[in-house]
Each structure stands twice: as structure tokens, then as C-alpha cells.
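Engineer: Shown below is the structure under consideration.
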Amino acid sequence: LSYTLQGEDNIEHLCLACTKLHQALGDGNMLGKRFKRRNILLKTLYKLVDIDSDPLSLKLAKIILAMKVDGKNLVSVCKLAFKICRNENNYFIIQNDTLLDYLLQVLWNEDLQTNHEALVYCMAAIKVMSEKEVLRLKMVSKGAIEIFLELMKQINDIKEHDTYFSKLGLLLVQLTATLRILANCAPARRQLSPSAAIPQLCVALEQRSSDKDVSVWIVSVLSKLSTYNDFCAALADCSRCYIVFLALLNKYQKQQDLVIRIIFILGNLTARNDQSREQFFKEKESVNTLTSLFQTYYELDLNALTWHQDRKGKNQPKYPSEAEDVLIKLIRVLANLSIHPRVGAALAAAHPLVGLLVTILEYKSVDDCEELVINAARAINNLSYYQVENSAVQEKQLHIAEMLLKLLMSDNMDAVVEAVRVFGNLSQHHEIRDFIMQKKIYKFVIALLDSKDREVCFPACGVLLNLTVDENKRAFLMEEGGIEKLIDCLQDFGPADWQLSCLICKTLWNYSENTASAASCFGGNTNTLLMLLIALLGETPSLG
């Protein structure tokens, strides 16, 4: 190891010498702290580190780590490993090397409190490695997931009053950033046991809620994992997760990167089951927090839109805006929550919240903001289902109907269907039935029966059923060819869809009420309808 020149040949010779030295030390059982001339060797190795060669530094780092250094020496060698790893040009020499093994040993063996600084650089080097698929898979195969979770558990065991608590924030950032990368990797997720990983992540999030960087990374990991059923179920089982999420939303209300991920997680949790919906709703200030967020991001989005419009021609608005993205996910949470009967009934009477949903329909166009507008219509549809005292939806129903008219006239079929669904609920009230007749919306609804799509025909039939409750409105069905279209629907969907068939038959029953004869009511469609009903009942027509 006497070479000091920096020529390529000398570097190659030094690398070869390091390889031989490493092998000789291993063969002679002189690695670790057993070698008598260990201090002299380490001084020599650290001098060679000054030579600006990453391939050589890689060889040196492995020998130094194998010598089980500690204290400042361990910090220095972990810094060196990080420096090597973060250089993109070194990817090929690292992927075929064993540096990862040594770094994982450091994480597994070294004392957290004594060597926290060294562990930060060690974890940072591993995080860079995890960005490459080959090294990521190698990492997983070597049991890295277990090591990472054990390290997180050790960090979580150190409480806030401890001297080392604040010093471990940087280490936790590197650790959770690595877990976020691994969350995208199927083999890693298979080792990342939901029952082990999720509780530790939740504990860390609660303990470190004052550290924004740590919070962002943990929430980022949870947002990815919550898209998988088993991880989402494990998160729902962490009873304090809703309290922690609400606290973070209130603390970092305008930190969009954090807010949007938490709202996304809540959307996944509340999409699963009624228990999650009720549990979140029961938490103190849950609805007020969502309302406050809604108001904040509605105003941010409105201001951003105005700013763009003031400079129209130079800088057109970009859809969706960052604030709009939060609104999309927030309204999804509201729509999910309102599926629960008790929660939905309470939200239907939450006037500020309903007001904001209606405002979205007012100032946003489905052509520019499709997902936002459709989500808002979907949430209003869910809330309009509840016939409760002091319902904000019922109070604003005529205004909502005016807004829905815009959706019905759009070319977006998803928006049309959502609008018809809301009319299906609202048309239980005579004011809305009058509105539908006055604006000739019924013509559009009847036309939808030609779609041959169950998702379109079902809400359309719901509206028609409600309209036929009023005797003075029944004639429209025959005028617009509605009877024939309803019979066609019954023929198309009847045998396989009894829910839709019942809607159609109830509509026809209402229509035919108080008429002198079937023929005067159904005209030329009478025989077709009779044979169809007999066929659906599985009966043989009588000869008498």
C-alpha cells in the first residue's frame, strides 16, 4: 500500500492491493478488532482515502467497515460510503459489490444512541442504493426490511424527553424515505408485514408530529401502503391514527404536500367500511377540520384562478391546480363518509360544508375540472339521500337543481349520470318535480333510456318514477315515447336485474293508476308489455 501517485495504473494497483489485503485479513482471522497493528493499518487506509478515486474508496470503505471501527472513524467511513453511492457514475461498481452487506451490518449491530450520526450517513447511502432496482431487490433478499423495522422500533422507544430524541430526526427521514421507495416494490411489500410496519409508522408519526420533514415522509409511506387492502386494514386498526391525522391537518393546514397525502389516506380508509367512516366522524372536530380545509383550499384555488384570468392570453390556468387537487381528494372523503347512515345524515345538515360543495358546481366547469365537479356532484348525491330535519341539501335544492342543469347539458356522460342521480333523490320533493317539468328535463331523462347502460337507466328510471307520483304529470310519458322506452328497458334488463325491473314496473303502475283500461293507457304497447310481464313471472297465459 505504498503507492501514492494518482495515475490510473497506480489506482488499479492500489485497488488490487486492497482486495488482496482484505482477503488476507479475512483468511488470517484479523478482521474486526483482533489485529495487533490495527491502528497503523487504519491510519494508512484513511490516508489513501484522500486519493480522489471512488473505486479505490469503495475498497477502502469495506476494509475499514470490516475492521469494526467506531466513534469518529465510523462516521468518516459512513460519510465516505454515502459520497460513493450518491455519485450516479458509481452505480455499476456498487451493484456488483458487497458494500450493501457492510452497511446493513452497521445498521443491525451499532448502538443507536452512541452512533446516531454514523447511522444517518449509513442510512442515506442505503436510501440512494434503494433507488436502483437491482440494488433494491438485493436489499430485500438480504433481509433489509426486518433491519429497517427494528431500527424504527428502536427510534420509537426513545421518548421526547430523552436527550437523543431530537438528534434522531435526520435518521428517521432517511429511513422513511427508503421505506417510501420500497413501498413501490412488490417483493419488499411482501416482507413488510402490515401488522408490524403500520403500528410502528403510526407511533413514529405521533411522536414526531412537530417535525414536518419526518411527518411528510411517514405520511408518504402510509399514503402508498393505504392503496393495498391489507395495509389499509392494519391502518384502520390503529385507533389513534385518525386523531394524529386530524392534528397534522390542523397544524400544517397550508402545507399542501402533507395535506394532500393525509386526505388521500383518509379517502382510502373511508372507502373501505362503515367502521372507519364512523370512527373518523366521532373524533373531535373532524367535520370542522374538513370544513376549514375545504374553505382554505377553495379560496386558494379561487385566487389562483383569478390570477390566471387577470393575465388571460399570456398565462392560461392549469387544471387541476395544486389547490384543486386537494379539493378533489377532500370531496372524495366527504362522499365516502356520507355513505354511513348516521354520518351522512349529520353531514347533510352541515350547512357550511354543503354550501361549499354547491359553490364548486357554481364556479367550476366540468369541461375544465372534470374530476372535481363530478366528485362534488357525487357527494351531493350521497347527502341528498337523507331526508333529515334542517337538511342543507333540501334548503338549497332549487339552487342545486339549477347547477345540475349545467351538468345535464354537458358532453360528459359521467357528469350527466351524477346529475340524474341527484335528481333521483331530489325529485321526491314536489318543488323539484315542478322544476323538472318546467325546464323540460324529463325529455332528456327519457332519452337516456336509449343508452342500454344499466348505470344510466337506473337513475333515469328513478326520476321518472318520482314524476309519476303526481297524477297531472303522467301524460308526459306517452308524449315523449317514454312508455315504449321503459318497456324496452324492462326487456333488456328485466331477467337479470330485479332492482331496475321493480323501478320500471312501479313507474308503469303509477302511470296506469286510475285509467279505464290497459289499452287506453299503454296503447299499442299493451300486448308487448303483457307478454313480457308474464315471461318474467314465469307463468303461462290463461286461455280464458
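Engineer: In sequence order, what are the phi-derived ³J(HN,Hα) couplings for segment 471-487 according to the Karplus relation 6.51 cos²θ - 1.76 cosθ + 1.60 with θ = phi - 60°, rounded to whole Hz, with x for glycine and proline?
Structural biologist: 4, 6, 10, 6, 4, 4, 4, 6, 4, 9, x, x, 4, 4, 5, 5, 5
Engineer: Mind ranking 475-484, 404-413 by how tightly packed they are, going by the mean number of other C-beta atoms within 10 angstrom, highest first? Don't jump to the answer; show the numbers that get you there.
Structural biologist: Values: 475-484: 17.7, 404-413: 16.0.
Going by the mean number of other Cβ atoms within 10 Å, highest first, we get 475-484, 404-413.
Engineer: Right, something else. Multiply the residue gap between ALA17 and LYS47 by 0.36 nm, knock off their C-alpha separation, and tell me the result in nm, one decimal place.
Structural biologist: Values: separation 30, 0.36 × 30 = 10.80 nm, distance 1.50 nm.
Answer, rounded to one decimal: 9.3 nm.
Engineer: Right, next: Can you pull the accessible area of ASP492 for me, 1.4 Å probe, Å² to the nearest 10?
Structural biologist: 80
Engineer: At a Förster radius of 51 Å, what calculated FRET efficiency corresponds to the Cβ-Cβ distance of TRP498 and ILE93, to the nearest 0.05? Walk me through the numbers on the way to the answer.
Structural biologist: Details: r = 67 Å, r/R0 = 1.32.
Here the calculated transfer efficiency is 0.15.
Engineer: Taking Rg and Dmax of the Cα atoms in Å straight from the coordinates, which label in [x] 26.8, 95; [y] 29.3, 96; [z] 33.3, 116 is the correct one?
Structural biologist: Recomputing Rg and Dmax of the Cα atoms in Å here gives the entry labelled [z].
Engineer: With axes computed from alpha carbons, what is the tilt in degrees of helix 169-182 against the longest principal axis of the chain, rounded to the nearest 10 within 0 to 90?
Structural biologist: The two axes meet at around 60 degrees.
Engineer: Ok, one more. Normalise the Cα radius of gyration of segment 1-153 by 2.2 N^0.38 Å (N = residues in it) and let me know the number. Could you put the intermediate results ahead of the total?
Structural biologist: Working: Rg = 15.2 Å, N = 153, 2.2 N^0.38 = 14.9 Å.
Computed over Cα atoms of segment 1-153, the ratio equals 1.02.
Engineer: How far is helix 99-109 tilted, in degrees, relative to the longest principal axis of the Cα atoms in the chain, given as a value from 0 to 90 rounded to the nearest 10?
Structural biologist: 90
Engineer: Starting with the highest mean, order 227-235, 523-531 by the number of other Cβ atoms within 10 Å, averaged over the residues of each peptide.
Structural biologist: Numbers: 227-235: 17.9, 523-531: 14.2.
Top of the packing list down: 227-235, 523-531.
Engineer: Let me ask something additional. Given LYS59/LYS142; LYS68/LYS138; LYS167/LYS282; LYS138/LYS167; LYS329/LYS406, which pairs have Cα atoms separated by over 26 Å?
Structural biologist: Details: LYS59/LYS142 21 Å; LYS68/LYS138 23 Å; LYS167/LYS282 36 Å; LYS138/LYS167 30 Å; LYS329/LYS406 23 Å.
Correct reply: LYS167/LYS282; LYS138/LYS167.
Engineer: Show me 11-18, 442-449 ranked by packing, highest mean number of other Cβ atoms within 10 Å first. Could the numbers behind the result be given before it?
Structural biologist: Numbers: 11-18: 16.8, 442-449: 20.4.
The peptides rank, most packed first, as 442-449, 11-18.
Engineer: Tell me the accessible surface of TRP498 in square angstrom (1.4 angstrom probe, heavy atoms of protein chains only), to the nearest ten.
Structural biologist: My reading of the accessible area for TRP498 is about 140 Å².
Engineer: Sticking with this one: Would you mind working out the magnitude of the charge dipole of the chain relative to its Cα centre, with +1 at each Lys and Arg C-beta and -1 at each Asp and Glu C-beta, to the nearest 20 Debye? Working shown, then result.
Structural biologist: Numbers: 59 positive and 63 negative charges, 498 e Å.
In total the dipole reaches around 2400 debye.
Engineer: Given a 1.4 angstrom probe, what's the average accessible area per residue across segment 10-192, in square angstrom? Could you put the intermediate results ahead of the total?
Structural biologist: On the way: 8790 Å² over 183 residues.
So segment 10-192 comes to 48 Å² accessible per residue, rounded to a whole number.
Engineer: Could you give the nm distance between label points at GLU513 and GLU402, where each point is 7 Å from its Cα heading toward the beta carbon?
Structural biologist: It works out to 3.2 nm between the two label points.
Engineer: Here is a further query. To the nearest 10 Å², what's ARG342's accessible area with a 1.4 Å probe?
Structural biologist: Accessible surface of ARG342 is approximately 120 Å².
Engineer: As a check on your grasp of the helix formula, calculate [θ] at 222 nm for the chain: sum -39500 (n - 2.57) over DSSP H runs of n ≥ 4, divide by the residue count, round to the nearest 500. Intermediate values should be presented prior to the final figure.
Structural biologist: Values: 33 runs with 394 residues, N = 544.
Mean residue ellipticity, 222 nm, calculated: -22500 deg cm²/dmol.
Engineer: Each label point is 7 Å from the Cα along the Cα-to-Cβ direction; what then is the distance between the points at ASP230 and SER292, in nm?
Structural biologist: Each label point is offset 7 Å from its Cα along the Cβ direction, giving 3.8 nm.
Engineer: If I compute solvent accessible area with a 1.4 Å probe over the protein chains, what percent of it on segment 10-192 is carbon and sulfur?
Structural biologist: The nonpolar share, carbon plus sulfur, comes to 49 percent.
Engineer: Once you place label points 7 Å from the Cα toward the Cβ at ALA447 and GLN275, how far apart are they in nm?
Structural biologist: Simple spin-label model gives 4.8 nm for this pair.
The values are calculated or read from the model by the stated rules, or taken from the named source; none is laboratory data. These figures come from a predicted structure and were not determined experimentally. Quick reminder, even Gly has a Cβ in these numbers, built from the backbone with ideal geometry, and neighbours come from all protein chains shown. Heads up: the accessible areas ignore ligands, DNA and RNA and are worked out on the full protein's heavy atoms, side chains in. Shrake-Rupley method; radii C 1.70, N 1.55, O 1.52, S 1.80 Å.
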